[in-house]
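See below for the structure under consideration.
The values are calculated or read from the model by the stated rules, or taken from the named source; none is laboratory data. Please read all numbers here as calculations on a predicted model, not as lab measurements. No Cβ is skipped: glycine too gets one built from the backbone with ideal geometry, and neighbour counts run over all protein chains shown. With ligands, DNA and RNA removed, areas are computed over all heavy atoms of the protein, side chains included. Shrake-Rupley method; radii C 1.70, N 1.55, O 1.52, S 1.80 Å.
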Amino acid sequence: MITTLADETAAAALIASPKPAWLFKHSATCPISGAALEEIENYLTAHPGTPAGMVVVQSQRPLSNWVASTLKYTHQSPQLFLVKGGAVLWQSTHWSITAAAMAKATDSAVAG
């Protein structure tokens, strides 16, 4: 299950997670972002207990900007990050956000 992050404190905690966690920047009005969210939810259903947070860019613009600045990635939406211990292990945007890509990224992160 993906949780909407409330503020910078919640986002920072997710980014600093000691185990791999997902951070999704979601556009509530974009059909590509809707498809990406469905892929993420499919992945999370198959991997229960995986930490995952979401920022809705339309209603959380300051937080979205904070994430872009903190992670040092140009803002895009949809945009998905795999983070751990304050570092970005993997990131993807748009149609490249799939459950299969997430599984591959997680496998690489765990193996690394």
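Can you tell me which residue within segment 65-93, out of those that are at pLDDT 95 or above and within 17 Å of E38 (Cβ to Cβ), is most open to solvent (accessible area, probe 1.4 Å)? In this case the residue turns out to be T93. The single condition among (1) modelled with pLDDT of 95 or more; (2) under 18 Å from M102 (Cα atoms); (3) open to solvent by 30 Å² or more (accessible area, probe 1.4 Å); (4) not polar (S, T, N, Q) that M1 does not meet is (1).
Of the residues making up segment 92-112, those that are in a helix (DSSP H, G or I) and in contact with a helix residue (DSSP H, G or I) (Cβ under 6 Å, 6 or more places away or on another chain) are H94, A99, M102. Given the structure, is L89 assigned to a strand (DSSP E or B), touching a residue at least 24 places away in the same chain (Cβ under 8 Å) and farther than 14 Å from C30 by Cβ? Against the criterion (assigned to a strand (DSSP E or B), touching a residue at least 24 places away in the same chain (Cβ under 8 Å) and farther than 14 Å from C30 by Cβ), L89 qualifies. Any residue at all in segment 48-64 that is touching a residue at least 60 places away in the same chain (Cβ under 8 Å), surrounded by 13 or more Cβ atoms within 10 Å (Cβ to Cβ) and not acidic (D, E)? For segment 48-64, residues touching a residue at least 60 places away in the same chain (Cβ under 8 Å), surrounded by 13 or more Cβ atoms within 10 Å (Cβ to Cβ) and not acidic (D, E): absent. Residues of segment 69-109 that are over 24 Å from Q58 (Cα atoms) and of a type in the set (S, T, N, Q): T106, S108. Kindly evaluate S33 against the criterion of being open to solvent by less than 70 Å² (accessible area, probe 1.4 Å), in contact (Cβ under 8 Å) with a residue 40 or more places away in the chain and assigned to a loop (DSSP other than H, G, I, E, B). The answer is no for S33. When every residue of segment 5-24 is checked against the conditions, at least one turns out to be without any contact (Cβ under 8 Å) to a residue 40 or more places away in the chain and open to solvent by 70 Å² or more (accessible area, probe 1.4 Å). Take the conditions part of a helix (DSSP H, G or I), in contact with a Gly (Cβ under 6 Å, 6 or more places away or on another chain) and open to solvent by less than 50 Å² (accessible area, probe 1.4 Å) and apply them to L44. Does it pass? Considered against the rule, which asks whether it is part of a helix (DSSP H, G or I), in contact with a Gly (Cβ under 6 Å, 6 or more places away or on another chain) and open to solvent by less than 50 Å² (accessible area, probe 1.4 Å), L44 comes out as no.
Output the residue which, of all residues in segment 97-112 that are without any contact (Cβ under 8 Å) to a residue 40 or more places away in the chain and open to solvent by 70 Å² or more (accessible area, probe 1.4 Å), is nearest to L44 (Cα to Cα). Ranking the qualifying residues of segment 97-112, first place goes to A100.
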